[in-house]
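S.K.: The structure under discussion is supplied below as structure tokens; questions concerning it will follow.
Rule-based calculations on the coordinates, nothing more; no lab input. None of these values were measured; they are calculated from a predicted model. Positions of Cβ are backbone-derived with ideal geometry, glycine not excepted, and every protein chain shown enters the neighbour counts.
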Amino acid sequence: MVTHPHLLAAVDLGSNSFRLIVGRVEETPAGSQIYQVDALREPVRLGGGLSKDKMLDRASQVRGWDALKRFGERLRDFHPDQVRAVATNTLRVAKNAHDFLVEAEIALGFPIEVIAGREEARLIYAGAAHSVPASAGKRLVVDIGGGSTEFIIGSHYTPIHMESLYIGCVSHSRQFFPAGNVDEYTMRQAELAAKREIQIISSEYKHTGWDQAIGSSGTARALAELIEANGFNDEGITHGISRGGLERLKRALIKAENVNRLKLVALKPDRVPVLAGGLSIMLGVFEELGVDYADTTDAALRLGVLYDLLGRSQHQDMRTVTVEGFKRRYGVDAAQAERIGELAISFYDQLGEPDEDLREENRMFLAWAASLHEIGLSIAHSAYHKHSAYIASNADMPGFSRTDQARLAALVLGHAGKLGKLAQARDIEWTLLFCLRLAALLSRRRTDVGLPGIEVRQAGGGFEVRLPNEWVTNNPLTDYSLVQEAMEWEKIGRPYRVVYTGD
């Protein structure tokens, strides 16, 4: 496979559009900078194919697959480490998202991560913060997507508040303007619906305050282009979005009575079906949060994904930062977590995974699982591993996709207790679980006791553990625990041999 060491690519499976950007990484004395060198956009309108019972229809899925095939051709020579694909609200809520994603990954040629709302917000802020001039004060970034709207207040490159609300230009347009008809009453109802959602966060956000408001990505950029090109902005304002500009665009839309009859400069055909919904949400944002003017940037989620990907390649992985934060928040015994992590990784290394990239990724997940396996103790000692898994699965974990969190939760859940509950689950990583469980078993004393040389290997579809006989004789509890562990694996049909070596 040909690689492009200075190129990174991000794919965004949004509810309205699928987008691809390719960025070139430039190293400067002040740090790394990414410059966009290529971009593709497909108005898939995936959210428009979502039924009332949250099922994606066949037509929208086919549009998505066809778009991703074209993206896949552009990315054909890229190494997997240089590409990150993320999916947002529609694929967060669709009941048949898994079926779509199976074919989507084949079409694209790379894994696709469904990211949580707050993770989307974090990446949006990263992209916006890297695309606008530096500011000394706080920024409010609002990103109206197809199925959700993200609100972030941050300073420099650091987000302070992040929220994702279930209002978007596709869903709002379908709910209030299904045939494209627009009148005074319907527009006001759409604005009020948006305001009701925003009220959930408005008090906290206004209390924090901001010095600059930014509308990011497609909807904000499209509204700004219409307002600017048609001279709707307030006097003296030539760029961005003013409150008066939004009101004048609304008047033009109501006068046309239907979005399909609207005749304005810079109105793009693919924006027509979602214009009224996006406008009503932006009006609600301005009114509820007291915004009078917003700058705009087209860069948001996709650029944020590129910078996050760059951080991973430079060993500044946000996921590691998140895990460290969770360790502090839940009072994790750091020495025990490190002890188990190092031991589990040493066992994994003995098993000889030939794929270097996969080996490095698995080692990271073992370390993270060891770091978080006891966070459930903050709730209760009884069944703490279940509490740990619940937190890992459901908490907001910046940097982690939903797939990452599910993977982490499965390891945390399975590190102790019976294995039968996992036997029917899909995608259980038995090799990693073997390493983590054995490390936890051998670290029960929670001290650095000086373990003997322990050898592990895969054998007959299961595992083999070899320990010195003399050490086992002097550690009867460990001996008993290993016998019980072997029985547990045998119950699920996986051989587990404990072999005692020496005299």
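S.K.: Starting from the Cα gyration tensor of the chain, take the square roots of the eigenvalues, sort them a ≥ b ≥ c, and report rounded, prolate or oblate (rounded when a/c is under 1.5, otherwise prolate if a/b is larger than b/c, else oblate). Before the final figure, lay out each step's value.
M.R.: On the way: a/c = 2.32, a/b = 2.23, b/c = 1.04.
Prolate is the answer for the chain, as a/c is 1.5 or above and a/b outweighs b/c.
S.K.: Taking the simple approach of a point 7 Å from Cα along Cα-to-Cβ for both R24 and L264, what is their distance in nm?
M.R.: For the pair R24/L264, the computed spacing is 3.6 nm.
S.K.: Out of residues 5 or more away from R497 or on other chains, whose amide H comes under 5 Å of its own, with H placed 1.01 Å from N in the peptide plane?
M.R.: The answer is F463, E464, V465.
S.K.: Using Cα-Cα distances under 8 Å and only pairs 6 or more residues apart, what relative contact order does the chain have, in percent?
M.R.: Rounded, it is 12 percent for the chain.
S.K.: List, in order, the whole-Hz ³J(HN,Hα) value for each residue of region 259-271 obtained from phi through the Karplus relation with A = 6.51, B = -1.76, C = 1.60 and θ = phi - 60°; use x for Gly and Pro.
M.R.: 4, 6, 9, 6, 10, 9, 5, 6, 7, 8, x, 6, 8
S.K.: Same structure, new question: What is the calculated FRET efficiency for D292 to H239, with r their C-beta to C-beta distance and R₀ = 22 Å, to the nearest 0.05? Please report the intermediate quantities before stating the final value.
M.R.: Working: r = 15 Å, r/R0 = 0.66.
So, using R0 = 22 Å, E works out to roughly 0.90.
S.K.: Taking the Cα-to-Cβ direction at E361 and at A423 and moving 7 Å from each Cα, how far apart do the two end points lie in nm?
M.R.: 2.9 nm
S.K.: Would you be so kind as to identify which of A337, G154, A116 lies farthest towards the positive end of the dipole of the chain, taking Lys and Arg as +1 and Asp and Glu as -1 on Cβ and the Cα centre as origin?
M.R.: Comparing the listed Cα positions along the dipole, A116 ranks first.
S.K.: For region 53-137, run through the trypsin sites (Lys or Arg not before Pro) and keep only the ones in DSSP coil with at most 14 other Cβ atoms within 10 Å of their Cβ.
M.R.: Details: sites: K54, R58, R63, K69, R70, R74, R76, R84, R92, K95, R118, R122; in loops: K54, R76, K95.
For trypsin sites (Lys or Arg not before Pro) across region 53-137 that sit outside H, G, I, E and B with at most 14 neighbouring Cβ atoms in 10 Å, the list reads K54, R76, K95.
S.K.: Computed FRET efficiency, Cβ-Cβ of Q458 and E105, R0 30 Å: what is it to the nearest 0.05?
M.R.: Details: r = 27 Å, r/R0 = 0.92.
Using R0 = 30 Å, I get an efficiency of 0.65.
S.K.: Whose amide H sits under 5 Å from the amide H of H79, counting only residues 5 or more places off or on another chain, with H placed in the peptide plane?
M.R.: Hits under the 5 Å cutoff: H4.
S.K.: I160 to D57: FRET efficiency via 1/(1 + (r/R0)^6), r the Cβ-Cβ distance, R0 41 Å, to the nearest 0.05?
M.R.: Working: r = 39 Å, r/R0 = 0.96.
Working from the Cβ atoms, E equals 0.55.
S.K.: Under a 5 Å amide H to amide H cut-off, with H placed in plane at 1.01 Å, what residues pair with E113 once short-range neighbours are removed?
M.R.: Amide H neighbours of E113, under 5 Å, 5+ apart: A85, V86, A87.
S.K.: Right, next: Using the structure shown, list the pairs from K95/K327; K54/K206; K95/K195; K138/K255; K138/K263 with a Cα-Cα distance above 30 Å, or answer none.
M.R.: On the way: K95/K327 33 Å; K54/K206 34 Å; K95/K195 28 Å; K138/K255 38 Å; K138/K263 38 Å.
Listed pairs above 30 Å: K95/K327; K54/K206; K138/K255; K138/K263.
S.K.: Spelling out what I want: for every residue of region 476-492, take phi, set θ = phi - 60°, compute 6.51 cos²θ - 1.76 cosθ + 1.60 (Karplus), and round to whole Hz; glycine and proline get x.
M.R.: 3J(HN,Hα) across region 476-492, in whole Hz: x, 5, 5, 4, 4, 5, 5, 4, 5, 5, 4, 4, 5, 6, 4, 4, 9.
S.K.: Give me the distance in nm between label points sitting 7 Å out from Cα along the Cα-to-Cβ direction at L477 and N181, one decimal.
M.R.: That separation, rounded to one decimal, is 7.6 nm.
S.K.: Using alpha-carbon positions, what is the distance between the centroids of region 240-308 and region 464-503, in Å?
M.R.: With region 240-308 and region 464-503 each reduced to a Cα centre, they are spaced 66 Å.
S.K.: Could you list T88, T238, T296, T322 in order of exposure, starting from the residue whose Cβ has the fewest other Cβ atoms within 10 Å?
M.R.: Values: T88 29, T238 7, T296 24, T322 19.
Lowest to highest Cβ neighbour count: T238, T322, T296, T88.
S.K.: Using θ = phi - 60° and the Karplus form 6.51 cos²θ - 1.76 cosθ + 1.60, what ³J(HN,Hα) does each residue of region 216-221 get, whole Hz, x for Gly and Pro?
M.R.: 10, 6, x, 5, 4, 5
S.K.: Based on the alpha-carbon gyration tensor of region 1-137 and its eigenvalue square roots a ≥ b ≥ c, which shape applies: rounded if a/c is under 1.5, prolate if not and a/b is larger than b/c, or oblate? Could the numbers behind the result be given before it?
M.R.: On the way: a/c = 2.46, a/b = 1.46, b/c = 1.68.
Oblate is the answer for region 1-137, as a/c is 1.5 or above yet b/c matches or exceeds a/b.
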